[in-house]
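Contents: one structure, followed by commentary.
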Amino acid sequence: MDKSVMICRCEEINIDEIETVLKLGAERFDDIKRITRCGMGPCQAKMCFKPVAQLISDYTGKSLSEIPPARARMPLRMTRMSVMASNQDSGSTVKAVFEDGDPDDK
Amino acid sequence: MKTELIVVGGGPAGLMAALEAAEKNVMVTIIEESHQLGGQFRQQTQFLDSLPEGMPRMRGVELANELVKKVTNNDNIQVYTNHAVIGLYEDGRVGLNNGKEILSCQTEKIIVATGADIQAVFFPGWTLPGVMTIGASQIMVNRERIKPGNSTFIVGSSDFALEVALQLEEVGINVLGIIEKDSKFHYRKQALGEQVKEKGIPLFKNTFIEQAQGNGQVERVILNHNGKREEYEVDLICVDGGLNPIVELCQLYDCSFTYNETLGGWIPSYQSNFQTSADGVFVAGNAAGITCQGAVLVTGKLAGLSVAESLGKVSAQEANLIRSHYWSELSKVEQEFNPLVHEARMEHVQNIDQAQIKVYES
């Protein structure tokens, strides 16, 4: 397929960019993510994991069962900073930063 | 907030799980990120096949309404729509985002019923406006009452693709054809194939999209049909790349995963009670492996029952009896749909010991 075809729509990463990282030795989705930002947009790799895994498999000869899923991290859904800062629980670092500035600056 | 069971996802599996647990006196909290319960059933206007015992033949929307009504009238169930689970606290509380603030909810057990995402199909021009998944086109037509285009090709030949083709045709969209890249079609309901042919919608094997073109939106598509290039004017392309289970929450719980191609790829490993490798974390519905709608409902019942058992609301003896009954129901509806899927599920459940521990950790 044409190398300019977009695989990660959120971060606009195409096949060519992914193959460049494969040539650097990438073996799993997260390797590609760290270098290209593939999978770091709003959908959080929900659309691009499978096609990227297929590209890795085609390039490395690994089977799809040897290519681990993208690592999920908090927050699982897009969350506004103001919402994050409204956490009512004590000890919220984000809240503290919003209210008092960065504690490291003091 | 405090509850005995959080059900993540208010779709068919989540609603069934909540009802099953609530019936056995579990205090249930459903967390649903959209503004409405019912999940993907909300736009399934076609009749559902292979429904579990005691459910008459009905359309997805009708069943959604029925389940929502039961859930709303159940005193043991609290519903939070417009709330999304976004993470976990160190002490086990579940973090929720309602768009205004972060709330936390303490719970004994959790059922992950987060469903699946429909996948795209990739070709030059697939990101042009006018290219969308068959699921998206169905939501537009059946839920939002918007006609997404005038003439279209459907890419993919699953049962769902054929159902959507018929629904689009019904609202006056000219379906020029259903194309399948493989040498055979993937739909399993022969009656659907007949219906599509009766409507005059052609089906093409060995056919794929070489390119979609247009200025700012889809205006034409170039097909490769048995090696021959054909060009058509269309303003809509509906693609079916299959379903992918949504299971990130299981990663936060450090659940073990297994790769199972037939069930949709990486899914959490679970036992016959649908509990994952993490204590108190259960899965249900398409998050436990892609299957048919009837099976989605039964897995919800299984997870709900097992939670009630683990909370001591049902004796182990009684739970085992009901569970074996539900499993035979699951096996019936799933075999009717596709014996290979049921075989894959059995294998998945039996192989929990060989699950790959935290494969996603790098």
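Computed about its Cα centre, the charge dipole of the stretch B:120-239 is approximately 220 debye, with only Lys, Arg, Asp and Glu carrying charge at their Cβ. Per residue of peptide B:162-169, the mean number of Cβ atoms on other chains within 10 Å of the residue Cβ is 0. Across chain B, the longest run free of exposed loop sites, meaning trypsin sites (Lys or Arg not before Pro) lying outside DSSP classes H, G, I, E and B with no more than 11 other Cβ atoms within 10 Å, spans B:185-362. Scanning chain B for GluC sites (Glu not before Pro) in DSSP loops with at most 15 neighbouring Cβ atoms within 10 Å leaves B:220-360 as the longest stretch between them. An ellipsoid equivalent to chain B, defined through the eigenvalues of its Cα gyration tensor, has semi-axes of 37, 21, 20 Å when rounded to whole angstrom and sorted largest first. Which of B:H186, B:H225, B:H35 ends up with the largest GNM mean-square fluctuation for chain B, with Cα atoms connected below 10 Å? Comparing B:H186, B:H225, B:H35 in a Gaussian network model of chain B, the most mobile one is B:H35. Between the alpha-carbon centres of the stretch B:139-213 and the stretch B:33-104 there is a gap of 29 Å.
Against the main long axis of the alpha-carbon atoms of chain B, helix B:159-170 sits at an angle near 60°. Helix B:316-337 and the long axis of chain B differ in direction by around 10°, with both axes built from C-alpha atoms.
Dimensions of the protein assembly as shown based on its C-alpha atoms, expressed as ranges along the principal axes with the largest first, amount to 64, 63, 43 Å. Taking GluC sites (Glu not before Pro) across the stretch A:11-53, the ones in a DSSP loop with at most 16 further Cβ atoms lying within 10 angstrom of their Cβ are A:E12, A:E27. Remark: mean inter-chain Cβ contacts per residue of B:112-124 equal 3, using a 10 Å Cβ-Cβ cutoff to other protein chain atoms. Applying a 4.7 Å cutoff between beta carbons, the unpaired cysteines of the protein assembly as shown are A:C10, A:C43, B:C105, B:C238, B:C292.
Helical content of chain B, expressed as a calculated mean residue ellipticity at 222 nm, amounts to -9500 deg cm²/dmol (DSSP H runs of 4 or more residues, -39,500 (n - 2.57) each, divided by residue number, nearest 500). Using a Gaussian network model of chain B in which every pair of alpha carbons under 10 angstrom is joined by a spring, one finds that among B:T291, B:T299, B:T127 the greatest mean-square fluctuation is at B:T127.
Each value in this text was obtained by applying a stated rule to the coordinates, not by laboratory testing. The structure displayed is predicted, hence computed values, not measured ones. Every residue, glycine among them, receives a Cβ derived from its backbone with ideal geometry; neighbour counts consider all protein chains shown.
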